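In what follows, a structure is listed as structure tokens, so that the remarks can point back to it.
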Amino acid sequence: NLYEINKDKWNDMNPKAAKNHLLYMVEEMGECISIIKKKGIDSIMQEGQVRDRFTEEISDVLMYYIEVLNRLNISEKELSKAYINKYEINTKRNYEEENKKKYS
């Protein structure tokens with residue numbers, strides 16, 4: 001993994017480093033949003049250069065996400081279980097009603 005290649009230059013796998021990786025991930029999400037705002041979804045879907053740039057930025061998001069999981073020692077099994085549970089909860093939610101209550 002990237003850590004093994006760069007361990008002499010990077011922090012150790014200390015869980016406290018997860019915070020910084022979350023912040024970096026949000027920064028990369030901002031770069032993705034910036035491309036969407038400036039170029040639009042249609043450009044991402046139809047223009048190779050814009051799509052390549054967006055894909056590069058979204059891969060940065062994924063890399064930081066994986067680093068957070070690694071530093072917090074969250075296993076694939078643990079993440080899959082949480083994802084499925086949350087998915088099942090979300091499929092039963094009534095977002096329209098929830099938002100009416102929140103914002104009225």
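The values are calculated or read from the model by the stated rules, or taken from the named source; none is laboratory data. What you see is a predicted model, and the numbers here were worked out from it, not measured in a lab. Counting neighbours? That spans all protein chains shown, and the Cβs are built from the backbone with ideal geometry, glycine included.
Just give me the residues in segment 32-81 being among the aromatic types (Phe, Trp, Tyr) and within 21 Å of Lys16 (Cβ to Cβ), in sequence order.
Tyr64, Tyr65
Just checking, which of Ile33, Ile66 is modelled with pLDDT under 95 and among the β-branched types (Val, Ile, Thr)?
From the options Ile33, Ile66, the qualifying one is Ile66.
Of all residues in segment 14-44, count the ones that are surrounded by 15 or more Cβ atoms within 10 Å (Cβ to Cβ) and among the small types (Gly, Ala, Ser).
3
Please find, among Asn99, Asn70, Asn20, the residue that is in a helix (DSSP H, G or I), of a type outside the set (A, V, I, L, M) and over 18 Å from the mean Cα position of the chain (by Cα).
Asn99
If we keep just the residues of segment 58-104 that are touching a residue at least 12 places away in the same chain (Cβ under 8 Å) and farther than 25 Å from Ile36 by Cβ, which is surrounded by the most Cβ atoms within 10 Å (Cβ to Cβ)?
Checking each candidate, the answer is Arg71.
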